[in-house]
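Contents: one structure, followed by commentary.
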Amino acid sequence: MIECIFTLDYEIYGNGTGTLQELVYEPARKLQAIFRKWNARFVNFVEAAELRQIEAYGADTAIGDVKRQIQEFDQEGFEIGLHLHPQWSNARRENGKWVLDYDEYNLCTLSRQRISEIVEEALDYLRRVVGRSDFTPVSFRAGNWLFQPTEQAASVLADKGLRIDSSVFKGGLQHNHALDYRPALRNPYYWSFSHDVNKPDPMGSWIEAPIYTEMVPLWRMSTSKRLGFTGGQGIGSRSVKQKWNRALDLLRFWYPRKLDFCRMTLDELTSTMKRIMLRDQQTPAEYKPIVAIGHTKDLSDPETVDAFLSFLHVNQIAVSTFETARPRLLQETVEAAAPR
């Protein structure tokens with residue numbers, strides 16, 4: 001059984017450039033209309049630390065529209081997840097530009113106390129935005145997918161009530177940040193974990209629902225649509241070592257292509273889903289949550305998203321969220337942990 005879970009990273013560019021109106025509010029509005037049309041919902045991973053600082057500094061007049069939009073998403077059943085780029089937590093404005101704290105780029109490498117502070121600030125902000133003091137997101141996605149080393153950050157987030165992570169993309173490798181999701185290639189469609197997000201642990205309190213990837217030759221990443229994305233990313237000027245490490249990430253024949261509904265062509269999206277459907281025919285009883293990713297800042301072709309949802313509808317593939325899928329995810333992971 002296949003369910004497709006669309007996830008949206010709701011944020012401006014990673015270096016702090018861009019406006020909320022252009023890169024967040026308008027793209028999300030278009031996606032909202034498309035998903036309403038198909039009576040479907042997505043997971044909106046709100047970058048809370050970024051929005052909190054933008055509001056605190058009065059840096060973008062569209063922040064009010066963005067906050068109202070998040071409230072509307074919550075009221076309409078679009079899941080609100082927590083997305084965190086911790087370098088925003090200490091961000092400041094200088095000469096009209098953002099200065100981000102890249103010493104805090106990876107949440108997982110910070111002290112337990114600092115992780116707790118950043119997470120609590122973000123959750124408090126989300127609660128104020130949605131207008132519910134008891135609100136706690138079900139799901140989490142780490143900034144730049146960095147959920148390694150896992151143990152301490154996972155423990156803090158679990159203490160705050162989060163239970164489902166979607167940071168892993170199987171086959172992922174980033175030498176600059178010691179990220180290595182290649183061991184996860186051996187894992188099933190989702191799994192429980194505790195201390196290491198790569199290692200299934202039937203007794204773990206977390207569920208990993210990874211972003212779906214296919215290992216493809218690197219040249220297949222070079223579509224005209226994908227090459228058109230040149231917005232501000234990364235962590236500013238890179239050293240020679242950082243550039244070399246990035247080259248090492250790419251120096252392999254097989255590369256993980258995420259199921260990205262903003263960057264892939266319609267043919268790529270439907271071809272990928274057809275291959276999943278063929279495998280599903282062999283194991284129809286196995287639950288297969290297929291997690292797609294997109295970014296508000298990357299939405300250049302909403303017509304492709306509409307056509308892909310039409311394809312899923314025609315092929316009777318349900319569109320879900322982590323909140324609605326959670327009972328099934330929990331049930332099947334509990335059954336897997338039960339003694340035989």
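What follows draws every value from the coordinates through simple rules; no lab data is involved. Computed from a prediction, not measured in an experiment: that's the story for all the values here. With ideal geometry, Cβ positions are generated from the backbone for all residues, glycine too; neighbour counts draw on all protein chains shown.
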Expressed as a whole-number percentage, the relative contact order of the chain with C-alpha contacts under 8 angstrom and at least six residues apart is 25 percent
Among L312, F45, G172, the residue whose Cα sits farthest towards the positive end of the charge dipole of the chain (+1 at Cβ of Lys and Arg, -1 at Cβ of Asp and Glu, taken about the Cα centre) is G172
Sparse-neighbourhood loop hits (trypsin sites (Lys or Arg not before Pro), region 84-144; DSSP loop; Cβ within 10 Å at most 11 others) -> none
Given backbone amide H placed at 1.01 Å from N, residues whose amide H is under 5 Å from that of L84, ignoring those fewer than 5 places away on the same chain, are R141, G143
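Can you check what the net charge comes to around G77, using other residues whose Cβ is under 13 Å from the Cβ of G77 (Lys, Arg +1; Asp, Glu -1)?
Overall, the nearby charge balance is -3.
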Ranked by GNM mean-square fluctuation in the chain (Cα springs under 10 Å), the top entry among A142, A285, A48 is A285
The Rg/Rh figure for the chain, Cα atoms and Kirkwood Rh, to two decimals is 0.93
Shape descriptor, region 52-167: equivalent ellipsoid semi-axes (Cα gyration tensor, sqrt 5λ, whole Å, largest first) stand at 22, 21, 11
